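Student: Quick one: the structure is below, and I'll ask about it shortly.
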Amino acid sequence: MAEKIKTNFAALNPVIRDYYVAPTEAVLRKDADVIQWGNDNRYPDYLLSLYQDVGTLHSIIQGCVDYTLGNKIDVAEYTNSEGDTYEEVIRKITQDWFVFGGFAIQVIKNKLNETRELVHLPFQLVRSDEKNKVFYFSKDWSKSAGRIKYLVYPRYEKNMEGSTGVIYVKNNFGSVYPSPLYGSKTTIQACEILKEISNFHYNQIQNGFMGGYSISFNDGEPDDKVKEEIENDVINKFTGTGNAGRVLINWARDKEHAIEVGKLETDDFADKYTALNKKIQSDLFSAFRATPNLFGLPSENLGFNGQEYQDMFRLFNRTVIRPIQQKIVDTFKVVGIDVSIEPFTLE
């Protein structure tokens, strides 16, 4: 019977990070009336960071805002205490709608019970009770429960008591808080992948080493504790898009004891990332029921001409733009203000 040969292999433990942030809803500890939004009560801050950091998402949302505002907004001349005109308030709530899936406006009445002022409330700073009847405004929801200072507003009603209330509009009715068009798990992950692709290329330019390699240590087999320390060091320094392109330095007594680095994959990461980037961007545009052509970007199969654009825009306008335009008109009508939006045209 042949003698069995003992072979030692060590595989670095994979580093898998789930970037998806769940929009959980739960009672805020020590304050049973406030429903927190996300595990740390900062889910809208996370959505805002995606809007600011993911170029494709930012462009789509800005394009949607421009389409919604159309060629012209007809509304009475007015400036509130924040220095915003009605049109500027409309622009702000439109952006909130596409970033967060909802918007909030504080209505301030005069002594005659007439609308004196409309103030846009940044949606990421607003929380609600379970039934969307009472709203809480704070400039910092990151503090621990019990230390958060907030203002309390009732839901606006035409004949409500008091001088102020909040109009709170969201795009769903099954939960306390809304969800944006890109709010599904797969689309949020797509945004995170786009961030990582950008991070990869940036660090690849800055540095010069990437994964897809095996590392052999030729100085004997250390004990398990030392193995684990070495594995952790390699993981921390050379894996992940943030470490793309880093240089590996080895000190050895002589050539016989030097480590060996072997390539396990072909050097086509850039091509793979480019293909993945196209796939992910396509998923993101689909979440908005849009195509790149609607935002002036030619797709691979189509160029850009007026007729193709008009055909695509009709469906996009009917399913995405017109509903939010109608919500804006209806919202202002509730407080006795007429708004008319002239639809967007290329001319």
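Student: Taking the options Gly174, Gly162, name whichever one is at pLDDT below 90 and under 30 Å from Leu284 (Cβ atoms).
Tutor: Answer to the check: Gly174.
Student: Scan the range 331-347 for residues that are within 15 Å of Glu87 (Cα to Cα) and either touching a strand residue (DSSP E or B) at 6+ places or on another chain (Cβ under 9 Å) or surrounded by 15 or more Cβ atoms within 10 Å (Cβ to Cβ) (or both) and jot them down.
Tutor: Thr331, Phe332, Ile337, Asp338, Val339, Ser340, Ile341, Glu342
Student: A further question follows. Among the listed residues Asp74, Asp45, Asp40, Asp31, identify the single one that is of a type in the set (D, E, K, R) and closer than 18 Å to Thr331 by Cβ.
Tutor: Checking each option against the conditions leaves just Asp74.
Student: Next question, about the same structure. Taking only the range 134-156 into account, find how many residues are outside any strand (DSSP E or B), surrounded by 12 or more Cβ atoms within 10 Å (Cβ to Cβ) and more than 22 Å from the chain's Cα centre (by Cα).
Tutor: Residues flagged as outside any strand (DSSP E or B), surrounded by 12 or more Cβ atoms within 10 Å (Cβ to Cβ) and more than 22 Å from the chain's Cα centre (by Cα) within the range 134-156 amount to 4.
Student: Taking Leu248, is it assigned to a loop (DSSP other than H, G, I, E, B) and at pLDDT below 75?
Tutor: Yes: the conditions hold for Leu248.
The values are calculated or read from the model by the stated rules, or taken from the named source; none is laboratory data. Computed from a prediction, not measured in an experiment: that's the story for all the values here. Heads up, the Cβs are rebuilt from the backbone with ideal geometry, glycines too, and the neighbour counts pull from every protein chain shown.
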